[in-house]
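The values are calculated or read from the model by the stated rules, or taken from the named source; none is laboratory data. Quantities reported herein were computed from a predicted structural model and do not represent experimental measurements. Ideal geometry is used to build each Cβ from the backbone, glycine not excepted, and the neighbour counts take in all protein chains shown. Ligands, DNA and RNA are excluded from the accessible area calculation, which covers all protein heavy atoms including side chains. Shrake-Rupley method; radii C 1.70, N 1.55, O 1.52, S 1.80 Å.
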Amino acid sequence: MAVQFSDAVKKTIEEVSEIAGYLWQKGWAERNAGNMSVCLNDLPSSCLPDDYQPFFISLPEIFPDVAGMCFYVTATNKRMRDLTRQPMKNALIIRITDDGAGYNIVSHFGKTDLRPTSELATHLEIHSMITRRRSSERVVIHTHPTELIALTQLSGLCDERVINKILWGMHPEAKVFIPAGIGLIPYILPGTTMIGKATADSLAEHEVALWEKHGVFATGRNPNETFDVIDILNKSASIYFLCRSTGQEPEGLTDSQIEELGKIKF
Ligand code: 13P
Ligand code: ZN
């Protein structure tokens, strides 16, 4: 007998796999680049046999805010282009233990070589922040959007204020849909709890966090909405570089035009 997932969980997994395909098509998911997690707690639980013995793995620190919660999380060292076709062969469902000190693999009956993304600490720090502030986001996406990363490689531009002015100035939708802007995280070794905490703090204030010379993290209520904010910001960065490739500096929207756009509500 296989683990039976509820229709709500199945629908979420389908949507994640659709987004994985977009990340690959966009060129933001070279090799195993990027990872995703979805909090499944508000969805009806999956059906496991009574005698099921989940497999336990400890976490690098205690995560009390997400204790007892279940997450769909992409597996480490797997390709987004494979995830889009086979979402459960390239991802896991985990349940954080009641003390927050570890997790059980609840998918695959625990019998799998798959392990969660190497960025699990950052995903859990972000889900912890969301839980603490009781907001409705449940999806976290990490990906490598080329033009957004390129902005952080230019020393004159690698500054949070400068990057937000560029991104909001290149396209009206950027301010409308990302009113709190992008938070810049100076380079920290990936996969660490230190970069996880810095990213969660930044995402408490911004819709998207940009890791210097690496990629972005974004949160949303569903996979499509989470993808959209990254897509809009990367479009702005692309317009910026396209303008500069002509040898001219783009004009950008004025501060008052950006402020006016910030008042639009969808
Ligand atoms: P994983 O394969 O461990 O998810 O790592 C991909 C990545 O983008 C690391 O930052
Ligand atoms: Zn990465």
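Taken over the range 49-108, the criterion of being touching a helix residue (DSSP H, G or I) at 6+ places or on another chain (Cβ under 7 Å) and basic (K, R) is satisfied by R81 alone. Would you check if I93 is touching a strand residue (DSSP E or B) at 6+ places or on another chain (Cβ under 8 Å) and either open to solvent by 50 Å² or more (accessible area, probe 1.4 Å) or within 16 Å of ligand 2 (Cβ to nearest atom) (or both)? Here the answer is no, as I93 does not meet what is asked.
Residues considered: T117, T112, T193, T143. Of these, the only one that is closer than 20 Å to N224 by Cα and of a type in the set (S, T, N, Q) is T143. One residue alone among K265, K235, K175, K213 is at pLDDT below 95 and more than 15 Å from the chain's Cα centre (by Cα), and that residue is K265. Inclusion of S118 among residues that are touching a residue at least 60 places away in the same chain (Cβ under 8 Å) and either within 13 Å of the chain's Cα centre (by Cα) or open to solvent by 10 Å² or more (accessible area, probe 1.4 Å) (or both) is warranted.
Does L148 satisfy being open to solvent by less than 10 Å² (accessible area, probe 1.4 Å) and in a helix (DSSP H, G or I)? When the stated conditions are applied, L148 passes them. Only residues that are open to solvent by 70 Å² or more (accessible area, probe 1.4 Å), of a type outside the set (S, T, N, Q) and at pLDDT 95 or above were counted across the range 23-46, and they come to 4.
The number of residues in the range 232-249 being in contact (Cβ under 8 Å) with a residue 40 or more places away in the chain and open to solvent by 60 Å² or more (accessible area, probe 1.4 Å) comes to 1. Residue count for the range 100-145 under the criterion of being more than 30 Å from R244 (Cα to Cα) and either within 16 Å of ligand 1 (Cβ to nearest atom) or in a helix (DSSP H, G or I) (or both): the result is 30.
Return yes or no: is G252 open to solvent by less than 50 Å² (accessible area, probe 1.4 Å), out of contact with any Leu (no Cβ under 9 Å at 6 or more places or on another chain) and on the phi > 0 side of the Ramachandran plot? For G252, the condition - open to solvent by less than 50 Å² (accessible area, probe 1.4 Å), out of contact with any Leu (no Cβ under 9 Å at 6 or more places or on another chain) and on the phi > 0 side of the Ramachandran plot - is met. Taking the numbered list (1) within 16 Å of ligand 2 (Cβ to nearest atom); (2) farther than 17 Å from S128 by Cα; (3) open to solvent by less than 10 Å² (accessible area, probe 1.4 Å) in turn, P223 passes all entries but (1). Taken over the range 65-80, the criterion of being buried (at least 16 other Cβ atoms within 10 Å of the Cβ) and within 16 Å of ligand 2 (Cβ to nearest atom) is satisfied by V73, T74, A75, T76, K78, R79, M80. Take the conditions (1) in a helix (DSSP H, G or I); (2) more than 16 Å from ligand 2 (Cβ to nearest atom); (3) open to solvent by 40 Å² or more (accessible area, probe 1.4 Å); V229 misses just one of them, which is (3).
Exactly one residue among L189, L148 is within 16 Å of ligand 2 (Cβ to nearest atom) and under 16 Å from the mean Cα position of the chain (by Cα), and that residue is L148. A single entry from T143, T193 fulfils the requirement of being closer than 20 Å to H127 by Cα, at pLDDT 95 or above and surrounded by 23 or more Cβ atoms within 10 Å (Cβ to Cβ): T143.
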